[in-house]
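The structure appears right after this line, and notes come after that.
The values are calculated or read from the model by the stated rules, or taken from the named source; none is laboratory data. It should be emphasised that the depicted structure is a prediction, and the values quoted were computed from it without experimental measurement. Glycine also receives a Cβ, built like all others from the backbone with ideal geometry; neighbour counts cover every protein chain displayed. For the accessible areas, the whole protein counts, side chains as well, though only heavy atoms, and no ligand, DNA or RNA atoms are used. Shrake-Rupley method; radii C 1.70, N 1.55, O 1.52, S 1.80 Å.
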Amino acid sequence: MSEVGSAYGEALYSLAREEGLSQQILQELTVLNASFRQEPAFLRLLSSPNLPKQERCGILDNCFRGKVHTYVLSFLKILTEKGCISHFSECCTAYKKLYNQDNGILPVT
């Protein structure tokens, strides 16, 4: 896992935990991560330097406003603006790891 994924995932988890939203946000991140894996072209679009950042954030608004929590939408926009949206999956992994630790969940293989 990259430092970027860890840092952003931990920051989002800290906020979600403080607000009592850690489970809801985990569920939304899990669904988004699965969707982005099915449509990798969407993340490539959000990473495209050919589109201004404002347009890329507008795409996120059009797709997700009212469908995900405001924190999740803002998180996606921050990753897009910083050029880190390609690390979204790693952010989800870091978030889930912290969620599991706080809730006494051990992954089984």
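Below are the figures for this structure:
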item	result
Heavy-atom surface of the chain, accessible at 1.4 Å and reported per residue (Å²)	61 Å²
Square roots of five times the Cα gyration tensor eigenvalues for the chain, Å	24, 15, 13
Cβ-based charge dipole, the chain, positive-most Cα from S89, N62, L106	N62
Cα-derived Rg to Rh of the range 5-56, Kirkwood definition	1.07
Residue-averaged [θ]222 nm for the chain, counting only DSSP H segments that reach four residues, each worth -39500 (n - 2.57)	-23500 deg cm²/dmol
Sorted peptide list for 14-27, 50-63, criterion being average Cβ within 10 angstrom, highest first	14-27, 50-63
Total charge dipole magnitude, the range 41-90, about the Cα centre, Cβ charges on Lys, Arg, Asp, Glu only, Debye to nearest 20	60 debye
Carbon plus sulfur fraction of accessible area for the chain, probe 1.4 Å, in percent	51 percent
